[in-house]
Structures are given as C-alpha cells and as structure tokens.
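Student: Quick one: the structure is below, and I'll ask about it shortly.
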C-alpha cells in the first residue's frame, strides 16, 4: 500500500497543480482532484474494460458531449488538460442537477440516471449512507474510497509514507507551454529537431495515438525549449498558449 501511495504522490507533483487550477476556475472543491486517483491512478492513457479512457475515465458518449474529440490520429480523452476541463464541466453539471456532493460522486461512478432512480424511489430519504444498499457494489465502495484517498493524501507523512520512485515527468506542469503547430509533423522528427527526449514528448502529449501531429493542433513542450523555436519557425504558428 505504501509503495502504491508513494507512486501516486510522485505523479501528483505534475498533475495536481493543473487540477487545482482548473477546479478553482470552475469554483469547485479542490478535493475533487482525488477522484482522478480512483478513476485512473493518474494514468492519462489507461482504458477500462467498459471502454472509458484517460485520467478522468470518460466513455465515448460523455466525452463527445464535453467536446473531447476522438479519431484515428488522437484521442482527447487522453489529453490531461482537455479531459480535466471536461471533468470540471461534468462535475459542475452534476452538482447543479443533484446538489449533494456524495450523490454527485455516486453519479460520476454509476451515472446520473442511476442516482435519479434511487432518489425518486426513496423520496423521504436524502442521505447517501441511508440509501447505500440500493447502489451498485462498485458505487457503494466508491465514496468510502474517495474519503480514504483524501485522508491518505493529506496525512501520508504522519504515516511515514514517502515517494518510492522519481516521477517520470522531468518537467512540472508550470514549466510547460502549449504551442500551435503550423503543419503536420512526426513526433519523432519533432523531438530530434528540438533536442527533447521522444519519451518526454509522449508523456506531455498522451492524446496522440500515432506518430503524427496534424496541422492546426497543439503540442505541450517545456518552456526551456522555446529558444529553439526561432530557428525552427516552419513548425510553429506565432501564437503561444499559456494553458
């Protein structure tokens, strides 16, 4: 267990500042960042047996509703930034619809339809714990798991849990920037020309399924590579995005 938490702590160094920034923008509780641990163990390219993908585990239909595009070149459910944006919008929608965070978490896991049916059948009871038995087994465990992860991530030092390996991310989220690409280019060719590790480039851009970035798309790169752009201007449009 301590090795698992140690790994999550290492990965959270990269992801949590971005999660917190997005959650704050949507005026959502920052604790919701821990949902991503339950959903994917902070793995942006994981796929569930049901077909949910990415760090926030979007099914294709829900992803489409929240503008996460999927095609043969890229899957935006794997894009940590865009999928976090989509997750914030979805959680905001669920809270507006349901108005109770425990039921919102249950809806994120089991779907809003399941929660609505249970609430409709139990009009006199509005407490999640009173209705626990009516939820699917996975959802019954989901909220306690969220509470446990919340506790562990806040008090791991008191339990003498530490990082067990260094993060695969060599750069912090704040040390990266989005660059629009002028014309289609191979990620390998791009990595070679900008003197950046191909593996680092893939880690920062997990949405690309094949080794090709279509023109008009964006790449996340370390800010310390910007100085090379002037000599490689053919690849980039002038505008640089902060997010």
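The values are calculated or read from the model by the stated rules, or taken from the named source; none is laboratory data. Computed from a predicted model, the values in this text were never measured in an experiment. Cβ sites come from the backbone with ideal geometry, for glycine too, and all protein chains shown count toward neighbours.
Student: Answer yes if at least one residue in segment 102-125 is touching a residue at least 24 places away in the same chain (Cβ under 8 Å), under 30 Å from residue 218 (Cβ atoms), outside the structural domain of residue 184 (by TED's automatic domain parsing) and not in a loop (DSSP other than H, G, I, E, B), and no otherwise.
Tutor: Yes.
Student: Answer yes or no as to whether residue 231 is modelled with pLDDT of 85 or more, over 23 Å from residue 67 (Cα atoms) and surrounded by fewer than 14 Cβ atoms within 10 Å (Cβ to Cβ).
Tutor: Considered against the rule, which asks whether it is modelled with pLDDT of 85 or more, over 23 Å from residue 67 (Cα atoms) and surrounded by fewer than 14 Cβ atoms within 10 Å (Cβ to Cβ), residue 231 comes out as no.
Student: I'd like to know if segment 165-173 contains one or more residues that are in a helix (DSSP H, G or I), modelled with pLDDT under 95 and within 30 Å of residue 208 (Cβ to Cβ).
Tutor: Yes, the conditions are met somewhere in segment 165-173.
Student: Would you check if there is a residue in segment 195-215 being within 23 Å of residue 84 (Cβ to Cβ), in a strand (DSSP E or B) and not assigned by TED's automatic domain parsing to the domain that holds residue 81?
Tutor: Yes.
Student: Moving on to the next point. With respect to the numbered conditions (1) under 23 Å from residue 211 (Cα atoms); (2) in contact (Cβ under 8 Å) with a residue 40 or more places away in the chain, which one is the sole condition not fulfilled by residue 52?
Tutor: Only one criterion in (1) under 23 Å from residue 211 (Cα atoms); (2) in contact (Cβ under 8 Å) with a residue 40 or more places away in the chain is unmet by residue 52, namely (2).
Student: Inside segment 9-29, can you point out the residues that are assigned to a helix (DSSP H, G or I) and farther than 24 Å from residue 160 by Cα?
Tutor: 18, 19, 20, 21, 22, 23, 24, 25
Student: Do you know which of the residues in segment 66-94 that are free of Cβ contacts under 8 Å to residues at least 24 places away in the same chain and part of a helix (DSSP H, G or I) is surrounded by the fewest Cβ atoms within 10 Å (Cβ to Cβ)?
Tutor: Of everything passing the filter in segment 66-94, 93 is surrounded by the fewest Cβ atoms within 10 Å (Cβ to Cβ).
Student: Of (1) modelled with pLDDT under 90; (2) within 21 Å of the chain's Cα centre (by Cα); (3) exposed (fewer than 13 other Cβ atoms within 10 Å of the Cβ), residue 151 satisfies all except one. Which?
Tutor: (1)
Student: Out of segment 30-49, which residues are free of Cβ contacts under 8 Å to residues at least 60 places away in the same chain and assigned to a helix (DSSP H, G or I)?
Tutor: 30, 32, 33, 36, 39, 40
Student: Residues in segment 180-190: is at least one within 30 Å of residue 7 (Cα to Cα), at pLDDT 90 or above, surrounded by fewer than 17 Cβ atoms within 10 Å (Cβ to Cβ) and assigned by TED's automatic domain parsing to the domain that holds residue 102?
Tutor: No, there is no match, as no residue in segment 180-190 is within 30 Å of residue 7 (Cα to Cα), at pLDDT 90 or above, surrounded by fewer than 17 Cβ atoms within 10 Å (Cβ to Cβ) and assigned by TED's automatic domain parsing to the domain that holds residue 102.
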